[in-house]
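Below you'll find the structure, written out as structure tokens, and then a few comments.
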Ligand code: GLC
Ligand code: GLC
């Protein structure tokens, strides 16, 4: 069942009912100021950091679901309604929500009054704009009371949701004209405030939540709206809110617009006040002056659209498959921007208070983002590297505001170091900018311990070399990519964190996955070294990669597939000898992407095993058989009921690894089949089963052991976005940045006849036309640059002019 449709020309998903299976959200903001907005206008805003600088409140885990947002109440006679249906839930005569690139448009009609709310964050300012248009489509004059509503968060979202003994006494506001200023803690150490303003004269306002709603009322039946009158309340403590009351008279066919702005401002410490405890409002006034007229707002929205036109022109494909085009050209790349910005901090499943920027996660997010804005990727790489420890290991996460690592989810995840090489390699391949390796980055955010980025990569590589176990495979530490495979944890106490309990590194438990990762990105590091002329070191590293490959092919091989790990007793995990969890997806994907077993048949065998043992109609499960009971020696993985999350869920992030691995052995049809199974665009028709947004990947789909087989969860913030984009754009469609140029090496379903890719790369535009007359899955037979036949399949910078026509014939 569908709950809307794609409008590809507008690059929008149009939701046609407010009652989607779950809130279907969008992200506003590109750089510093962000908003989450659901199809019913729920969500919240923050500046840079969803935990430390949250502007508005949102209640996770509430009843009804999705409570808190930018709400507009319309009182038309006795009828009270919201354009996005929530929170009053008055049935609308017409409803739609268009989620676009960085903006959302929610439209509702009731009793011939149409309300259209356009929400976006302009490119150059720290604010969310809500442009509201009311149109009287009836034949009579309408007298309308319009109320706005946001609820302020007292900045630190975690403290705001827990420290009530203090917070009920600290809230402060100021109201000047049509602007409500939220200034809790501004009197002391904060030099920032927020404001919520409207470009119209107001009939009243409220800033105290209980005054607006009535104490035992809620957002669904606020007292002020029912009475048609604001209380002009000024918050002292309790819960500060922002609400304006506007009186609107509309003749038949007449329209009325109002521009609401929710913004964030900072003042220099010495210029904070104009009078005792009175905010210096200059920065707010300056910002507001830019958004007083409808034309100003339209210009800002058009700038945002043009920005996305440009970003999405870097890679676009034209195939005969409409869903593929829309996924590659629009939504997958859009999600890559979101995961780059948010890492794993703020979604409808990530509270914004827990995990900030993950070392491993953010490094992988770069793979799908780097082509969009390489300069920002560069900055991110240096930020990540600066949190690395001197021995090459890493904090598992850092907060975006402070950019310093923290131990909330621990450290000692022994795959982390290699991902820094992955992200850096991707950046250099995209840009050719080897100078990034000379940038000096701290270790552990300590300036006295800084070294060039290249040295950070070296420590990453050597960390694995120096941390091996009894089978010459890498020690797993706390866990590897699978945060829940905690082989050194042995937790028996409820509530203990699986990620921080127990010794961080046992001397025995090993990971075959890290071994595969080391081979893959060890080779990447070697290529980088060779480009720098560091051949001696490169040769030495090649020896290490060779050793690791051998270790995988011996101790890491189970006969039909790659073993997953060895536990703290040196017993295999993910082997046919195990009672449960006999086969895992991760090492099959990563070892083969690293090239292990491609020549000797192991890869083919392992992929066959994945197909027969792990595959389902909704995607490939993480492991099988699922763990049916808690295994103390395996940790969190066995804590999940069978079929969920890391315990035999369809963990979308590593499905593309299998698709990539299939291309390594030339299976284009199978690679594309794997690609399609977890792709939300291809699942639009089964929305009632899949339930999450049809335009965003989710982290996990329930596996076949779960009662809700096929149900998606944890949409948006997942490494799936970057990895699927890498898979489809580079491994399947075959347009891959290489250190020396752009390499064309498609691996596609046999039946594909032809397709076109436009790729902007290092300042040039390549129009690439692929033909497949012989219906093969892989293999470049002829390669023409501007009509001239060339050998190989690499486009180097000196070929052609600004625009280059490439024709590739497979065979
Ligand atoms: C989550 C984490 C990611 C991890 C994965 C598997 O998505 O963000 O870092 O690799 O789970 O456990
Ligand atoms: C939980 C999740 C996992 C995540 C980890 C780290 O264990 O299952 O996906 O990566 O927490 O926060």
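The values are calculated or read from the model by the stated rules, or taken from the named source; none is laboratory data. Keep in mind it's a predicted model, so treat the numbers as computed, not measured. Methodologically, a virtual Cβ is constructed for each residue, glycine included, from the backbone with ideal geometry; neighbour enumeration extends over all protein chains shown.
Note on the range 649-692: residues that are touching a helix residue (DSSP H, G or I) at 6+ places or on another chain (Cβ under 9 Å) and within 16 Å of ligand 1 (Cβ to nearest atom) total 11.
Of the strands (runs of 3 or more DSSP E) lying entirely inside the range 706-759, those carrying at least 1 residues that are within 16 Å of ligand 1 (Cβ to nearest atom) and within 20 Å of residue 674 (Cα to Cα) are 712-715.
Restricting to the range 132-180, what's the tally of residues that are assigned to a loop (DSSP other than H, G, I, E, B) and touching a residue at least 40 places away in the same chain (Cβ under 8 Å)? Qualifying residue count, the range 132-180: 12. Taking (1) within 14 Å of ligand 2 (Cβ to nearest atom); (2) closer than 30 Å to residue 591 by Cβ; (3) out of contact with any helix residue (DSSP H, G or I) (no Cβ under 8 Å at 6 or more places or on another chain) in turn, residue 360 satisfies each apart from (3). Within the set 662, 636, 693, the sole residue that is touching a residue at least 12 places away in the same chain (Cβ under 8 Å), surrounded by 19 or more Cβ atoms within 10 Å (Cβ to Cβ) and under 23 Å from the mean Cα position of the chain (by Cα) turns out to be 693. Outside any helix (DSSP H, G or I), closer than 20 Å to residue 712 by Cα and out of contact with any strand residue (DSSP E or B) (no Cβ under 9 Å at 6 or more places or on another chain): does that describe residue 656? No. Please work out which residue is surrounded by the most Cβ atoms within 10 Å (Cβ to Cβ), limiting yourself to the range 27-56 and to residues that are in contact with a helix residue (DSSP H, G or I) (Cβ under 9 Å, 6 or more places away or on another chain) and over 18 Å from residue 157 (Cβ atoms). Only one residue fits best here, namely 30. Residues in the range 491-512 that are more than 16 Å from ligand 2 (Cβ to nearest atom), within 23 Å of residue 473 (Cα to Cα) and part of a loop (DSSP other than H, G, I, E, B): 503, 505, 506, 507, 508, 509. The sole residue among 257, 249, 184 that is buried (at least 21 other Cβ atoms within 10 Å of the Cβ) and outside any helix (DSSP H, G or I) is 184. Based on this model, can you work out whether residue 362 counts as farther than 26 Å from residue 517 by Cα, within 16 Å of ligand 1 (Cβ to nearest atom) and modelled with pLDDT of 95 or more? Answer is no for this residue. Every test in (1) out of contact with any helix residue (DSSP H, G or I) (no Cβ under 6 Å at 6 or more places or on another chain); (2) over 18 Å from residue 297 (Cβ atoms) is passed by residue 119 save one, and that test is (2).
For the range 305-351, the set of residues classified as within 16 Å of ligand 1 (Cβ to nearest atom), more than 21 Å from residue 373 (Cβ to Cβ) and either outside any loop (DSSP other than H, G, I, E, B) or in contact with a helix residue (DSSP H, G or I) (Cβ under 6 Å, 6 or more places away or on another chain) (or both) consists of 351 only. Tally the residues that are more than 10 Å from ligand 1 (Cβ to nearest atom), within 23 Å of residue 651 (Cα to Cα) and in contact with a helix residue (DSSP H, G or I) (Cβ under 8 Å, 6 or more places away or on another chain), restricting the search to the range 476-498. Final tally of qualifying residues: 5. In the range 479-490, the residues that are without any contact (Cβ under 8 Å) to a residue 40 or more places away in the chain form no Cβ pair under 9 Å with any partner that is near ligand 2 (Cβ under 9 Å from one of its atoms), whether six or more places apart or across chains. At least 3 residues being within 16 Å of ligand 2 (Cβ to nearest atom) and farther than 28 Å from residue 742 by Cα is the threshold, and among the strands (runs of 3 or more DSSP E) wholly inside the range 395-451 those reaching it are 395-398, 405-411.
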